Every structure is written in C-alpha cells, then in structure tokens.
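Inspection log for the structure reproduced underneath, given as structure tokens.
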Number of protein chains: 2
Amino acid sequence: MSWNSPSVVVVGTVAFDSIKTPFGERSRIVGGAGTYIGWSTSRLGIGAGLVSVIGEDFPQTELESMTEAGMDLEGISCPKGGKSFFWSGSYHMDMNGRDTLATELNVLADFKPEIPESWKNARYVMLGNIDPTLQASVLDQMEQRPELVVLDTMNFWMDIALEPLKAVIARVDVLTINDEEARQLSGERSLMKAARAVLKMGPRYLVIKKGEHGALLFHMEGEEIRYFFCPALPLEDVVDPTGAGDTFAGGFIGHVARKGSTDFETLKQAVVVGSALASFTCEAFGTDGIRSVNPMEIEERIASFRRMTDWKREQVEA
Amino acid sequence: MSWNSPSVVVVGTVAFDSIKTPFGERSRIVGGAGTYIGWSTSRLGIGAGLVSVIGEDFPQTELESMTEAGMDLEGISCPKGGKSFFWSGSYHMDMNGRDTLATELNVLADFKPEIPESWKNARYVMLGNIDPTLQASVLDQMEQRPELVVLDTMNFWMDIALEPLKAVIARVDVLTINDEEARQLSGERSLMKAARAVLKMGPRYLVIKKGEHGALLFHMEGEEIRYFFCPALPLEDVVDPTGAGDTFAGGFIGHVARKGSTDFETLKQAVVVGSALASFTCEAFGTDGIRSVNPMEIEERIASFRRMTDWKREQVEA
C-alpha cells in the first residue's frame, strides 16, 4: 500500500441528476452517491478513493474540482463513447416523497467495480447504494478485511435481489437504511424488533435514517440492544434533499477514518457528524451545499446539534 | 385559595373509548384527554384538579381510583340522566394513522367548564383539546393570570373554529400541536418558519409533537429562535398510542408545577418528562400503561432518554 493510498474506498455512482423541488429546478447537475460521499468525506480532510464509472460527457472541470478537494479518482473508469448515469426526480410539496421521472443507466449497465491495486488494503470501505452483487465484488477484491465496511442500500434491492443483498449484508459492519426498509427487511413492525432482527443478519451496527426525523444507531452489547439517536437539524428551508443520505454516509465513515476507531462511542459521534454534513446538502441544489463547507462551519453546526439535545440532567428530579 | 387547592387545573374530557390496534381491541374503556393528563401529573406527585363532565354511566370505582391517585374531581359535573362522551377508533397497521369509527358527544354537547371557586388562583392551567371557546372561558374565570397556561388543540378546530382558536392561542404560554398542524396554522412548509410564525401569534413556547419521531420545543429569545429536541423512546411494541399526547401534556405541566419554574431550561426538562410518561401510555391499552407507574420507573426511563442522546462532545474534533 503506497503512502498516499486513500484510507477510505467509496463505491457509488458519479452521475447527472435533474431535480425539481418546490424551490426550483436544476437540469443535468452533477450528482450520484459516490459524488456526495466523496465531497462529504473531503470536508473532514479525508480524501476518499472513488470507485465508479462515468461517461465521456462528464465534465473534466468537475473531475478537477474533485481531485483538488482531495478525492482520488484512479478507481473511476470512463468507457469510450459511454454516457453517464442519469436520474431525474421531482419532490412533493412536503419534501417527504419524490417521484422518479427518468433513470438512464448508460455506462452503469455494465459497471464492474475494479479496485486499484494500491487500495486493496484500505482500512475503511463505503459501499454506496448499487447492485448488491457489485457491492460483494468489491469486498472480494480486498486483500484484507477492512476495519469497517459500511453498506447503504434501498428497498429496490430488497424487492428484486433479496438473497444477494442478504449475503452482502452478512459481510459488513454497518448497514444504513431507512425505517420502512428496516421494517421490510426484517418483517417486523416495531423498529426495536426490526433492529434486533437486522443485527442478527450480520452487521455490528445498524443506522436507521429517518430524514427530517433524524437517525438512529443500533448496536448489540451481548444480549442487550443499545441505541443512540441524533435528530435532524430543523432547517429554515430544505431546498433539495437529494444526496442527503449519501452525504450522511460520507460524514459517518469520514469521521470513523479520522478518529481511527470503530467503537460505539466513535460511531455515535459519526452519526452526529454525518447528520451535520447532510444538513448542508439539504440547503442548496445538488452538491452546492456541501462542496464549499469549511471546518468552522461544521463545528458550528455540530454545536447546534449539541445545544439542541442538551438539558440539565441532574435537576430533573423534584 | 384553600391550602389544598390543586396548583394545576386541567380541562379535558373524561370519557369512554373503544380502541382497535394491531395488538387487539378494547371496548368502552376509560379514556379522554382530562383522564390521561390527570393520571400523568399524578405520577409526578402532582394532584391536578380536573374540570370536565361525565355521564351517570361513568363508573364510581374509576372516580375513586382517580381520587386515591391524588386528583381533585370537584370540577367534574355529572348531569342527571346524561351519558359520557364516547370515542371509537381503529389504528392502521403502522400505528401512524387511525380512523375514527364513532364519536358520541353526549354530555359534552352542553359542557360549560366551571372552575371551582378555590381553584381560580391556580398557578398552572392545562387546557386539553376541546372547543377553543370553552378553553377561553376557563381563562376568563381565573381570578389572576396563571404562571403558565398550556393549550393543546388539533386540526379539527383549525378547520371549523380558526378565529376563536387564534384568539385563545394569543392568551396562552405554551401551544402543543403536531407538525402538520403547525404547518396548517402558519401556512409555512418549513417547521422552523412555522414555529416562528406560531410564536408571533402569542405563545412564549411552542411544542411540536411528532409522535414516534419525538417532540420539539421552540422559544424566541429576542430575535433568535431557540429549539430543543427530545426523541421518542424506541419501544418494543406500541400497543395503543391513544392518550400519548395527553400523557405528554400532563407530564409536561406536572414537571413545571413540581419545579415551580417556567424558564426554558425547566421546559426542556418538562419535554423529557412528558415524553418519558407518554412512552408508558403507549405500552398498554388505555390508561393501563400510565396509572401504576412509580417514581423509580420514571427515573429509569428518563435515564434511557439521557443515554439515547449522549455522545462524547469534547472529542468530536479530529
């Protein structure tokens, strides 16, 4: 492993999105899970190595910005004549739902993640939301078991590829899904029971992302289930939530990487840092909210999370 | 004001409910906002004075249990030949929605709250969810401005009695509503903007109840909006959420009463105590979950809330 190989390897789409929200619309802006994750870890001073595929239509200037921000793009392939993955969606008025208007797989249809040789000993791996078979192939290529593997997925894969999904879930440390997906995956209505069931499938940790309602981290200590809750910051305006979950994941694994620890206390902090970074993404279209955030702004936002749940605990008793 | 007059006066229904949830059903069990609020404050050692109306069908044994628990029932009238208010509802599988199957107003149709003479100097008043005109009539009867008036209401009154509702909201200190109601009342999509708008209507504090997603407390300090968030405890099973909001309100004002303070720090704690008490109500049908809770169980649950949002704040920075 060369001295400057990335400690975090990220697999996920680097793509174009067209987005419509009650605040306006943007056409063919840069998006994709890998992009958001990469920008997010970069804000913590962690230069992730991205494994992805783009088309020849992807702007060179954007790749240069990503490299300048510290991302290593050696793992991004660009097949001749290919077109980038494209997604288009429209958010409902309350921002809690969205309709997919178009999905063009393009180069993603034949994507086979290839991990650069010097990245195969990376300590941290973030498997963004793609086909679980591809997520598994990334783990197969690693020369040693990473210290922490985080896997993000969605109900789509539960519907069409449940067995491969379960197989890869069994191999990771952290699974990040939303509350409805936790219920679907476990068949349990109670989130607590769902969490127990999912943790029996293999992961040491489960993060349940609830969007504007915050995030829950679950962990078994022996037979006891432990949980931690981080609220979402109430924002003046949620302009565009696209990529918020990926930004969260990037902040989460980025914090683990900068702390060099995977214990429960560090992962609680990682949930707070991920939530703080995700809040920036929601405040503007595409990656505009996250790409220029500086450490002081992050610290200020983390302080808001602190204030938001602080209460004088000693004095509750009458 | 006699030495033993209640310091908390509660206005709300004392009634019968028939409830169906995925966990079973119960027919004509004791319920009503006033009932849940009264049981909740009683668990904190605060004997509320209930102002309500019941029918002759209401069980004497139940009234005796309430009195034994410390509630003062002098404000409950019982018209000759009257039947108690009755509500029947069925919860959806996910417990986040419910259908009202029947509402029989009965004695509630002619209810005019009458505050007993010796209660008219009470320091704390909890106006449960009833017609805003009746809520206002309670305030009119008070001989001096209470230290804290909490008002609970719902979208139903926004739909049919918006002006009387706004008039009474302008006279209270704390308004408790859910997130959709805050949006409806303010016409703002963003909860933050909705909170600002509602606080301009008069109340010093706004509590936004989000059920399984917790509760937010908003407060203006000069031009700055301050907020506090308390999650809901993830429960093994939510057996019956009926009365959870009222239990929250009872715990909230009960905590204020036992502390004798209405500052922001005390109100944050009140949100935690209210949330803790509400969690007991959700664990069983009707008032079964709350009526036998003891101080040690409450402290244990408050400790769970503490653990749930605790993270090592000093060490987040890399």
When only C-alpha pairs under 8 Å and at least 6 residues apart count, what is the relative contact order of the range B:74-212, in percent?
-> 16 percent
Filter on B:268/B:312; A:210/B:209; A:200/B:209 - keep pairs with C-alpha separation over 28 Å = A:200/B:209
Taking only Cα atoms of the protein assembly as shown, radius of gyration then Dmax in Å | 26.8, 89
Could you tell me the distance between the Cα centroids of the range A:42-64 and the range B:201-259, to the nearest Å?
-> 43 Å
For B:54, B:130, order by how many other beta-carbon atoms lie within 10 Å, fewest first = B:130, B:54
Relative contact order in percent for chain B (Cα pairs under 8 Å, 6+ apart) equals 17 percent
Between copies, how far apart are the residue A:74 label points? List them in nm, one decimal, shortest first, with each point 7 Å from Cα toward Cβ, please?
-> 8.3
Could you give me the ³J(HN,Hα) list for the range A:225-232, computed from phi with Karplus coefficients 6.51, -1.76, 1.60 and θ = phi - 60°, whole Hz, x at Gly and Pro?
-> 8, 10, 9, 9, 10, 10, x, 8
Can you put B:153, A:13 in order, fewest other beta carbons within 10 Å first?
-> B:153, A:13
For the range B:8-311, what is the percent of antiparallel DSSP beta bridges, rounded to the nearest 5?
-> 45 percent
Taking only DSSP H segments of four or more residues, each worth -39500 (n - 2.57), what value at 222 nm results for chain B once the sum is divided by all its residues, to the nearest 500 deg cm²/dmol?
-> -10500 deg cm²/dmol
Once the Cβ-Cβ distance between residue B:133 and residue B:310 is put in as r, and R0 is 41 Å, what FRET efficiency do you end up with, to the nearest 0.05?
-> 0.35
Would you mind calculating the relative contact order of the range A:250-318 from Cα pairs under 8 angstrom and at least 6 residues apart, reporting the percent as a whole number?
-> 25 percent
Label geometry 7 Å along the beta-carbon vector: residue A:103 inter-copy distances in nm | 4.2
Points 7 angstrom from Cα along the Cβ direction at residue B:201 and residue B:220: gap in nanometres?
-> 1.4 nm
Go through the range B:198-212 residue by residue and turn each phi into a ³J(HN,Hα) via Karplus (6.51, -1.76, 1.60, θ = phi - 60°); whole Hz please, and just put x for glycine and proline.
-> 5, 5, 6, 6, x, x, 6, 10, 10, 10, 9, 8, 10, x, 5
Can you tell which of A:36, A:91, A:205 shows the greatest fluctuation in a Gaussian network model of chain A with Cα springs below 10 Å?
-> A:91
Tell me which residues come under 5 Å, amide H to amide H, from residue B:215 once H is placed; ignore anything under 5 positions away on its chain.
-> B:210, B:230, B:232
Would you mind putting B:63-75, A:225-237 in packing order, based on average other-beta-carbon counts within 10 Å, highest first?
-> A:225-237, B:63-75
Which aspartates and glutamates, on any chain, are close to residue B:259 with Cα under 17 Å apart, when same-chain ones fewer than 8 places away are left out?
-> A:314, A:317, B:147, B:173, B:299
Restricting to the protein assembly as shown, what percent of DSSP beta bridges are antiparallel, rounded to 5?
-> 45 percent
at residue B:28 the sorted inter-copy label distances (label 7 Å from Cα on Cβ side), in nanometres, are 7.1
Residue by residue through the range A:128-143, which ³J(HN,Hα) values in whole Hz follow from phi under the Karplus form 6.51 cos²θ - 1.76 cosθ + 1.60 (θ = phi - 60°), with glycine and proline marked x?
-> x, 5, 9, 3, x, 5, 5, 4, 5, 5, 5, 4, 4, 7, 5, 7
Cα gyration tensor shape for the range B:8-311, rounded if a/c is under 1.5, else prolate or oblate = rounded
Return B:5, B:84, A:52 ranked ascending by Cβ neighbour count within 10 Å, so the fewest neighbours appear first.
-> B:5, B:84, A:52
Which distance in nm do the two modelled labels at residue B:120 and residue B:140 give, with both placed 7 Å along the Cα-to-Cβ direction?
-> 1.4 nm
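Each reported figure results from applying straightforward, stated rules to the coordinates on display, with no laboratory input. What you see is a predicted model, and the numbers here were worked out from it, not measured in a lab. Note that each Cβ is placed from the backbone with ideal geometry, even for glycine, and that neighbours are counted across all protein chains shown.
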